[in-house]
1. Once amide H atoms are placed 1.01 Å from N in the peptide plane, what residues at a sequence separation of 5 or more from A:Ser33, or on another chain, have their amide H within under 5 Å of its amide H?
2. Step through the residues of the stretch A:145-154 one at a time and calculate ³J(HN,Hα) from phi using the Karplus curve (6.51 cos²θ - 1.76 cosθ + 1.60, θ = phi - 60°), rounding each to whole Hz and writing x for Gly and Pro.
3. What list do you get for A:Met202, A:Met86 if you sort them by fewest beta carbons within 10 Å?
4. Over the whole of B:139-149, what's the average partner chain Cβ count within 10 Å per residue? Rounded to a whole number, please.
5. With n ≥ 4 as the cut-off for DSSP H runs, can you work out [θ] at 222 nm for chain A, using -39500 (n - 2.57) per run divided by the number of residues, rounded to the nearest 500?
6. Work from the charge dipole of chain B (Cβ charges, +1 for Lys and Arg, -1 for Asp and Glu, about the Cα centre) and give the residue of B:Tyr223, B:Ala76, B:Val149 farthest towards its positive end.
7. When a/c is below 1.5 the answer is rounded, else prolate if a/b is larger than b/c, else oblate, so apply that to the protein assembly as shown with a ≥ b ≥ c taken from the square roots of the Cα gyration tensor eigenvalues.
8. If you average the C-alpha positions of the stretch A:108-165 and of the stretch B:99-173 separately, how far apart do those two centres end up, in angstrom?
Amino acid sequence: MPEPPIVIESVFKRLGTKQVLRGVDLSVAPGESVVIIGRSGTGKSVLLKHVVGLILPDAGTVRVDGVDVPTLGVADLLELRKQMGMLFQGGALFDSLTIGENVGLPLREHTDIDESQVELVVHEKLHLVGLEGVDDMRPSSLSGGMKKRAALARALALNPKIMLYDEPTTGLDPITADLINRLIRRLQERLGITSIAVTHDMRSAYHIADRIAMLHEGRIHAVGTPAEIQATADPAVRQFIEGSAEGPLLPT
Amino acid sequence: MNETDIEPLADRGPFRFILNGLRDTGEVIFLLGDVIRELPRGLGKVPLVVQQMVAIGIGSMPLTVIVALFTGAVAAVQASYQFRDYVPMIYLGTVIGKSVVIELGPVLTALVVGGRVGASIAAELGTMRVTEQVDAMEAMGISPTRYLVVPRVVAATLMLPVLTIFADVVAIFGGYLVAVLTLDVSSHTFTSGLRLYFHLRDVFSGLIKSVFFGAIISMMGCYYGLRSEGGAEGVGVATTHAVVASCLLILIVDFLLASFLFRVLFA
């Protein structure tokens, strides 16, 4: 049986004086959508950044398509990243470029397709996320939700096989959040994109996940389908999904 | 002891400054290596380089011209005060010309441009870092060194000598104006003095220095900008570090280059 596209084994990571990850194990099957839930500051985004090699583990392995990410040289790492798309929490659109230029940047950098083709793909990707007529606008003149959608269009520009979403719906109004959730689901179902999403929005997690994994105290505390997670008796998971201040998880 | 309580060595009092200094030096050398490796592909991004040349070069022109004008003017006032009763005024042009092209032009231009451009690069890249734009670039498979650092370093290294040439001319003109209009030195005396002992190698030595200063300013801006962390405060700290490090390195490298150029190369 071929190895799953994303395999994370015994990953440890310390940032400053804080031991953030203490032996994380997680693997994602082809075409599967895994959602990592957990409280703010538990290292969900840190874990996600390990997958693209933006952060290297202190110990443990991260393999993408069978390739050990931390051991890759700069050139190989950049090459591997072309097959992945990542949506950042705040969108991370480049301020100095227009929306059209932002979405077209990966195409202009990594492909030889001519300018008219680039324009076509940019329009197609922006249309996919429900944005029209914003090509010439700067990111600063868009709302938070529009920025996130434009960033999603940019992440999809090279038709990645793997998508990583960092808080895809945080800070969005419920309608836009639902639009993003549906889009993520559609990408997975139609294009078979393997994905990991990090969120603490349970509504979004139930919508987009095949499996939900809860990161707690630096480890994967529980994993299961949305139905299993909803039915769990584990007190920490229950407290988190119910959003209660009372339980084993103390306020930070 | 709890494992989270272990204090990294670099945070302990007396070690901190030494270790941070060594770390910064090492990382800057690594960044310089990256810049050299990415240079061929980075140079291919002509629009980005040109954009930075305009921002760094043309954008700094008004400041450079004003600084140079007053530098030349004050050099004339000070020199004439020291010459009075001892040195003939024909040497006023000589001393202004020499001091401007060898030292004042390149160094003062680098210091003011270092403040302006170093801060602007550090703030821009720092903001990109803390808003995850640099991470996004890397996640897209685009090298930030190639896309952000190389165009800035190339542009600054090319434009600093150009700014220095302008500064030299304007500063000498400033000295000339003060000498002729307020110090009772004739135009002929000043220009004759300027030509006296004029060596082209003096001009070149100043321009060679300015090439290094351009590289220092842009490298410090990029290095501290790219490693900023922690939001607005972090960007502020990065900007301060970039400017302070640029100014210190400009003065240190000025001494080293002056020693090499005038004691070894042109000796």
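Coordinate-derived values only; no laboratory data. Treat the numbers as computed from the prediction; the structure is a model and nothing was measured. In this analysis, Cβ positions are derived from the backbone assuming ideal geometry, glycine residues included, and neighbour counts consider all displayed protein chains.
1. A:Ser195, A:Asp210, A:Arg211
2. Result, ordered by residue: x, 5, 4, 5, 5, 4, 5, 5, 4, 5 Hz.
3. On the way: A:Met202 18, A:Met86 27.
Ascending number of Cβ neighbours within 10 Å: A:Met202, A:Met86.
4. Working: counts 16, 17, 13, 8, 5, 0, 1, 2, 3, 0, 0.
Mean inter-chain Cβ contacts per residue within 10 Å come to 6.
5. Working: 9 runs with 94 residues, N = 252.
-11000 deg cm²/dmol, from helical runs alone.
6. Checking the options against the dipole of chain B, the answer is B:Ala76.
7. On the way: a/c = 2.95, a/b = 2.26, b/c = 1.30.
In terms of gyration-tensor shape, prolate.
8. Here the two parts' Cα centres lie 31 Å apart.
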